[in-house]
Each structure stands twice: as C-alpha cells, then as structure tokens.
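Undergrad: This is the structure, below, for whatever I ask next.
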Amino acid sequence: MKLNNLKASFIFENNVIQNENKQVIWKNGNFTFTIYKHSQQLVNVTGIKSAEEIEQQKKMVEEMFQQKVKRVRIDNAFFSKKDYKNIDMYSLYNDLKENKDYFIDYNIEVFAGMYLHPKDKQYPTMIVFRTGSYTIMGGKSLKTVYECELFLNTLITKYLKP
C-alpha cells in the first residue's frame, strides 16, 4: 500500500499571520500551504507523500514563522494499492451488504468499485475493485488506516477466485 497524498495541519500557539482579512496560500515545490483568516494559528499543507516530508515541512514553517509547532494533526490521508487478482465481487457484496460497521455501495453500471463507507467516522472510506486493487481515503490516523488495510486484505484473500 502506498501513501498517495496527505493533508496535515501544523498548529501553533500564536497566530502566524496578523490581521489578514483573507486566506494566504503559497506553494513550495509539490506542497501547497494555506492559512485561513478564521484560524491564523493553523497552517494546512497538502501534497505530503511520507512521514519524513511531514517533518521537513514542519521545520520549514517553524523557521518561517519563528515559533515551534505545538501539534501536528493529520486531517486526511489517501492510500492506494494496485493489484491484478480476480475477486468475486458479487459474493463479497452479498456478504457485506448487511455489515454492521459499513454502508456498502456497489453498482457496477455506475462505478467499477465497491464503496465501504464507515459508520464510525474515525475510520476512512474504502473502495475495493475486482482486481484486488483498493483505495483508502479520509484516514485521520495511521492506526485506523492500517486496520482497514488488514481488513481489506482479509476480504480479498477470502473472495479470490481460483
């Protein structure tokens, strides 16, 4: 499974900009930084692809604003895995449609993937495809993302066509 994109917030003790009546946006390489006028002690960054990049960008904004980041919060993570298996999607759907933890959405005429929307919003949304490929999006904690990865790999193994 590969991290495709991560949105994080760097939260400072004090405002990083003063008396701005608009949001401030800038780019630094592949990263986009945003400071909203209603939360001037918070710097959002998108385009992160690894934990090392979180640390690099944290140090950069600390130097830029001459203060330490109080807390780093992961707001959204997008992971994916590409595979070339053959999954029995109809059996998978029939077994999951009454699942107590997820709302299942599968309509092959509209979209090739099966959505697993969590009832507990701490967990990310997952999309699984007939090939065994999957996407995990919206994760706010790496622990829950890895739980979902384990869950998906178990499902894929169970419904693999011979």
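The values are calculated or read from the model by the stated rules, or taken from the named source; none is laboratory data. Predicted model only: the values in this text are computed from it and were never measured. For neighbour counting, all protein chains shown are included, and Cβ atoms are generated from backbone atoms with ideal geometry for every residue, glycine included. Surface accessibility is based on the protein's heavy atoms, side chains included, excluding ligands, DNA and RNA. Shrake-Rupley method; radii C 1.70, N 1.55, O 1.52, S 1.80 Å.
Results for (1) modelled with pLDDT of 95 or more; (2) not aromatic (Phe, Trp, Tyr), shown as yes or no for each residue.
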position	(1), (2)
ASP75	no, yes
ASN86	yes, yes
TYR93	yes, no
PHE103	yes, no
TYR106	yes, no
GLY113	yes, yes
HIS117	yes, yes
THR125	yes, yes
VAL128	yes, yes
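Undergrad: Does ASP95 count as more than 26 Å from SER50 (Cβ to Cβ) and in contact with a helix residue (DSSP H, G or I) (Cβ under 9 Å, 6 or more places away or on another chain)?
TA: yes
Undergrad: I would also like to ask the following. How about the range 1-19: which of its residues are without any contact (Cβ under 8 Å) to a residue 60 or more places away in the chain and not in a loop (DSSP other than H, G, I, E, B)? It would help to see each step written out before you state the result.
TA: Taking the range 1-19 as the starting set, the residues that turn out to be without any contact (Cβ under 8 Å) to a residue 60 or more places away in the chain are 12-19.
Correct list: PHE12 only.
Undergrad: What's the number of the only condition in (1) open to solvent by 30 Å² or more (accessible area, probe 1.4 Å); (2) closer than 21 Å to VAL128 by Cβ; (3) in contact with a strand residue (DSSP E or B) (Cβ under 9 Å, 6 or more places away or on another chain) that LEU96 fails to meet?
TA: (1)
Undergrad: Then there is this: Looking only at the range 68-90, filter to residues that are over 30 Å from THR131 (Cα atoms) and either touching a helix residue (DSSP H, G or I) at 6+ places or on another chain (Cβ under 9 Å) or free of Cβ contacts under 8 Å to residues at least 40 places away in the same chain (or both); which one of those is least open to solvent (accessible area, probe 1.4 Å)?
TA: Ranking the candidates gives VAL69 first.
Undergrad: Another question, then. Between a first residue in the range 138-150 that is in contact (Cβ under 8 Å) with a residue 40 or more places away in the chain and a second residue that is in a helix (DSSP H, G or I), which pairs have beta carbons less than 6 Å apart while being 6 or more apart in sequence or on different chains?
TA: Filtered contacts from the range 138-150: GLY139/VAL145.
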